[in-house]
1. Let me cross-check A:Tyr33: its accessible surface, 1.4 Å probe, with only protein heavy atoms counted, in Å² to the nearest 10?
2. Using the Cα centre of region B:13-109 as origin and beta-carbon charges of +1 (Lys, Arg) and -1 (Asp, Glu), tell me which of B:Tyr32, B:Asn76, B:Thr63 is placed farthest towards the positive end of the dipole.
3. Provide, for the protein assembly as shown, the number of lysine pairs with alpha carbons under 15 Å apart, each pair being eight or more places apart or on different chains.
4. Dividing the alpha-carbon radius of gyration of region A:1-99 by 2.2 N^0.38 Å (N being the number of residues), what value is obtained?
5. Restricting to chain B, what percent of DSSP beta bridges are antiparallel, rounded to 5?
6. Of A:Asn27, A:Asn98, A:Asn54, which is the most mobile in a GNM of chain A whose springs link Cα atoms less than 10 angstrom apart?
7. When a/c is below 1.5 the answer is rounded, else prolate if a/b is larger than b/c, else oblate, so apply that to the protein assembly as shown with a ≥ b ≥ c taken from the square roots of the Cα gyration tensor eigenvalues.
8. Rank these residues by their accessible area, most exposed first, probe 1.4 Å: A:Asp73, A:Asp62.
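The values are calculated or read from the model by the stated rules, or taken from the named source; none is laboratory data. Everything quoted here is computed from the prediction, not taken from an experiment. Positions of Cβ are backbone-derived with ideal geometry, glycine not excepted, and every protein chain shown enters the neighbour counts. SASA here: full protein model, heavy atoms, side chains in, ligands and nucleic acids out. Shrake-Rupley method; radii C 1.70, N 1.55, O 1.52, S 1.80 Å.
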Amino acid sequence: EAAVTQSPRNKVTVTGGNVTLSCRQTNSHNYMYWYRQDTGHGLRLIHYSYGAGNLQIGDVPDGYKATRTTQEDFFLLLELASPSQTSLYFCASSEKRNTGQLYFGEGSKLTVL
Amino acid sequence: GEQVEQRPPHLSVREGDSAVITCTYTDPNSYYFFWYKQEPGASLQLLMKVFSSTEINEGQGFTVLLNKKDKRLSLNLTAAHPGDSAAYFCAVSVNKLIFGIGTLLSVKP
């Protein structure tokens, strides 16, 4: 069974819309991450967390909020979505911060019209 | 900060040929290296994790070479087959994990 699950898998919204992407992991990992994947850029880190209530800023945080409510659940919030945020979003978890393997979810395709 | 350059962005080979993907990095203190494979429409799966102390790492049908002097990491798929068609990403870790832009590999029968 999948250890990192994301929802929704596909989402279409309009400019200015409000979007929440959800991620749940059953790996008992401390670290969780949100990445966006864009052609020509690879994966870029938006936010990450090392535990419930913790939030760390990644490399491309502008326009995004995140919240880690439990060890299992990590949410990405776009409160005023813009077309530049059209992307494929991946959630991932890991036991260690930079030395461990990342376990990725299936991805959430977001289109902002 | 650390920069990771991955080449080529696209690669097309015939079945049975070898395919080589290369990443160069800038920080000599980088100590963990990763290759991930992303099949079409799927998530990223770890192909191999490489420690800075090991220069040659062999997997099932592929070899990963780490040249610390040249700060180059390469993935060599020997005798590629259509099932190898996917996007491949390198990732380099020093004080943060940096991904390459990816290589889209197409293996034609």
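1. 0 Å²
2. About the Cα centre, the residue reaching furthest to the positive side is B:Tyr32.
3. 4
4. Relative to the rule-of-thumb radius for its length, region A:1-99 sits at 1.02.
5. So the antiparallel bridges in chain B amount to around 90 percent.
6. Checking each option, the largest mean-square fluctuation is seen for A:Asn98.
7. prolate
8. Largest to smallest exposure gives the sequence A:Asp62, A:Asp73.
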